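Novice: There's a structure below that I have some questions on.
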Amino acid sequence: MGRKILLENINIPGIKDYEVYRKNGGYTAVEKALKSMTPDEITEQVKTSGMRGRGGAGFPMGMKWSFIDKKSGKPRHLVVNADESEPGTFKDRYLMEHIPHLLIEGAIISSFALEANLSYIYIRGEYMWVYNILEKAIKEAYANGWLGKNILGTGYNLDLHVHCGAGAYVCGEETALIESLEGKRGNPRMKPPFPAVSGLWAEPTVVNNVESISTVPWIINNSGEEYAKIGVGRSTGTKLISASGHIKNPGVYEIELGMTVDEFMNSDEYCGGMMDDRPLKALVPGGSSVPILPVHYIFKTANGEDRLMTYESLADGGFVTGSSLGSGGFIVYNDTACIVRNTWNFTRFYHHESCGQCSPCREGTGWMEKILYRIENGMGTMDDIDLLWDIQSQIDGNTICPLGDAAAWPVAAAIRHFREEFEYHVRFPQKIKNRDHFVSEPMEKVRHLLK
Ligand SMILES: Cc1cc2nc3c(=O)[nH]c(=O)nc-3n(C[C@H](O)[C@H](O)[C@H](O)COP(=O)(O)O)c2cc1C
């Protein structure tokens, strides 16, 4: 059994409610932080923990906090990113739905560390029922003196609001989120300036993911040093993984960073192996934006080392033979999965979600979708595959925000590792048209037919 930090108390009946949460040690970290620690001491503990942001990029959280401009005299803000729209990722929802006070407790301590008096949780519009859960929990926190004026008699004031988005993936990008929170269209901003200098209402702002902020109470109760003892190298602590696809036990799991991908995928405690014991074909380890891995790079790196559930090991080999831990959306595909259809499906999503500010993303995602539709439906040409490659390479790195990269990487990896499947679609249009569209021929048959 791995160590649990976030999900330790998740199965206690009634833990969603304040009384039960409090009886089980809830809010003791707020007491400790506000009564016996300074904001800088809290930031130091978070730095020592080695905790890296869990929203996808893995940026060290303590370092981000230390960038916040406290000298300008302007009000500061914490904004918790609960937009969670990446296909394959559903772990923040799980935390907020089942143990909302953990996030509120983390948000209070983090706001105190940033010397912020007005903070927000920005939640995606599709999570309306979770919004209601958070609203209720925040009311309970106010009623019990954890929010509002003069918290615990320390003189510290904090107001915390939940703000509901209108259902746009791009609003998960921190500067688009800030624009949306200000009541504007959610278009990403140019950086610099970074939010830590000029964020919400041009005031210093830290944006952190739900899982990142929910980890703070444990760090305060147990110390950053204890947290850093869990995990491997620069991948410290635990991570929530949303596991889905062709596995026996889909769900949200908390793992100690550093376990092998093999153990996570095949042990009964986690994914439980392949559904119906069919062969494994591919893995998207970190949400739809990260490169898909073919079976031969899933359990071993190109150097023959065990592939680990860490930021470093999953990225080993770059985007040629590696991928990324991303937001921990672990999507498993068996031998029947059609990679072309999967890529078209992801691309359709990115095209729909592109904010349209940057031409490469706005136009490129649209063209990629069209071409993938053609190939997927038996109307593509061999030149289309090269054209697709060309378009993704012109989007990658050429947009204001990483949504463009997120749209380009899955296409590049699918062509790189599964080009035969694209060619099969082009050369055997009749077979493609007459099949169940979600199902692919086994790769051996595809290879045989292509000979
Ligand atoms: C298109 C796009 C969507 C994103 N969606 C989310 C999201 O839903 N949740 C999230 O925490 N971060 C998301 N991010 C990353 C945020 O911009 C930001 O890096 C993150 O919230 C920082 O928190 P962290 O340091 O705790 O990971 C997204 C980024 C991009 C480019």
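Novice: Looking at segment 385-414, I want the residues that are away from the ligand (no atom under 12 Å from the Cβ) and have a partner that is of a type in the set (Lys, Arg) with Cβ atoms under 8 Å, at least 6 apart or on another chain. Which pairs are those?
Specialist: If the second residue must be of a type in the set (Lys, Arg), the pairs left are Ile385/Arg419.
Novice: Within the bounds of segment 60-73, is there any residue that is hydrophobic (A, V, I, L, M, F, W, C) and free of Cβ contacts under 8 Å to residues at least 40 places away in the same chain?
Specialist: Yes: segment 60-73 contains one or more residues that are hydrophobic (A, V, I, L, M, F, W, C) and free of Cβ contacts under 8 Å to residues at least 40 places away in the same chain.
Novice: Do the conditions hold for Val295, that is, is it farther than 14 Å from Phe330 by Cβ, hydrophobic (A, V, I, L, M, F, W, C), in contact with a strand residue (DSSP E or B) (Cβ under 6 Å, 6 or more places away or on another chain) and not assigned by TED's automatic domain parsing to the domain that holds Trp409?
Specialist: yes
Novice: Moving on. On the given criteria, is Ala337 out of contact with any helix residue (DSSP H, G or I) (no Cβ under 8 Å at 6 or more places or on another chain) and touching a residue at least 60 places away in the same chain (Cβ under 8 Å)?
Specialist: yes
Matching residues to (1) assigned by TED's automatic domain parsing to the domain that holds Gly155; (2) at pLDDT 95 or above:
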| position | (1), (2) |
| --- | --- |
| Gly2 | no, no |
| Gly50 | yes, yes |
| Ala57 | yes, no |
| Trp65 | yes, yes |
| Pro75 | yes, yes |
| Tyr94 | yes, yes |
| His98 | yes, yes |
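Novice: For segment 328-336, indicate whether the set of residues that are within 21 Å of the chain's Cα centre (by Cα), among the charged types (D, E, K, R) and either in a loop (DSSP other than H, G, I, E, B) or crowded, with 22+ Cβ neighbours inside 10 Å (or both) is non-empty.
Specialist: No, the conditions are met nowhere in segment 328-336.
Novice: I'm told His351 meets every condition in (1) in contact with a Lys or Arg (Cβ under 7 Å, 6 or more places away or on another chain); (2) in contact (Cβ under 8 Å) with a residue 40 or more places away in the chain; (3) within 16 Å of the ligand (Cβ to nearest atom) except one. Can you identify the failing condition by its number?
Specialist: His351 satisfies every listed condition except (1).
Novice: Do any strands (runs of 3 or more DSSP E) entirely within segment 87-183 hold 1 or more residues that are within 16 Å of the ligand (Cβ to nearest atom), and if so, which?
Specialist: Values: elements: 118-123, 148-151, 156-164.
Answer list for segment 87-183: 118-123, 156-164.
Novice: Something else: Counting only residues that are touching a strand residue (DSSP E or B) at 6+ places or on another chain (Cβ under 9 Å) and surrounded by fewer than 20 Cβ atoms within 10 Å (Cβ to Cβ), how many does segment 231-244 have?
Specialist: Residues meeting the conditions: 3.
Novice: For the list (1) in a loop (DSSP other than H, G, I, E, B); (2) among the aliphatic types (A, V, I, L, M); (3) closer than 22 Å to Met51 by Cα, I need the number of the one condition that Val216 fails.
Specialist: Only one criterion in (1) in a loop (DSSP other than H, G, I, E, B); (2) among the aliphatic types (A, V, I, L, M); (3) closer than 22 Å to Met51 by Cα is unmet by Val216, namely (1).
Novice: Could you pull out the residue among Glu369, Glu444, Glu423 that is surrounded by fewer than 19 Cβ atoms within 10 Å (Cβ to Cβ), free of Cβ contacts under 8 Å to residues at least 40 places away in the same chain and over 30 Å from Pro193 (Cα atoms)?
Specialist: The match here is Glu444.
Novice: Next up: Taking the condition of being over 28 Å from the mean Cα position of the chain (by Cα) and part of a loop (DSSP other than H, G, I, E, B), how many residues in segment 351-397 meet it?
Specialist: 5
Novice: Condition first: part of a helix (DSSP H, G or I), more than 16 Å from the ligand (Cβ to nearest atom) and of a type outside the set (A, V, I, L, M). Now tell me which residues in segment 192-213 satisfy that.
Specialist: Selection gives Trp201 alone.
Novice: Picking from Lys23, Lys70, Lys35, which residue would you name as being exposed (fewer than 15 other Cβ atoms within 10 Å of the Cβ) and at pLDDT below 95?
Specialist: Answer to the selection: Lys70.
Novice: For the structure I just gave you, tell me whether Ala168 is crowded, with 24+ Cβ neighbours inside 10 Å, modelled with pLDDT of 95 or more and among the small types (Gly, Ala, Ser).
Specialist: No, not satisfied.
Novice: Tell me which of these Lys74 doesn't satisfy, since it passes every other one: (1) in contact with a helix residue (DSSP H, G or I) (Cβ under 9 Å, 6 or more places away or on another chain); (2) charged (D, E, K, R); (3) within 12 Å of the ligand (Cβ to nearest atom).
Specialist: Of everything listed in (1) in contact with a helix residue (DSSP H, G or I) (Cβ under 9 Å, 6 or more places away or on another chain); (2) charged (D, E, K, R); (3) within 12 Å of the ligand (Cβ to nearest atom), Lys74 misses just condition (3).
Novice: Anything in segment 312-327 that is surrounded by fewer than 20 Cβ atoms within 10 Å (Cβ to Cβ) and without any contact (Cβ under 8 Å) to a residue 40 or more places away in the chain? List them, or say none.
Specialist: Listed by number, the residues that qualify are Asp316, Gly317, Gly318, Thr321.
The values are calculated or read from the model by the stated rules, or taken from the named source; none is laboratory data. All of these numbers come straight from a predicted model, not from anything done at the bench. Don't worry about glycine lacking a Cβ; one is built from the backbone with ideal geometry, like all the others, and counts go over all protein chains shown.
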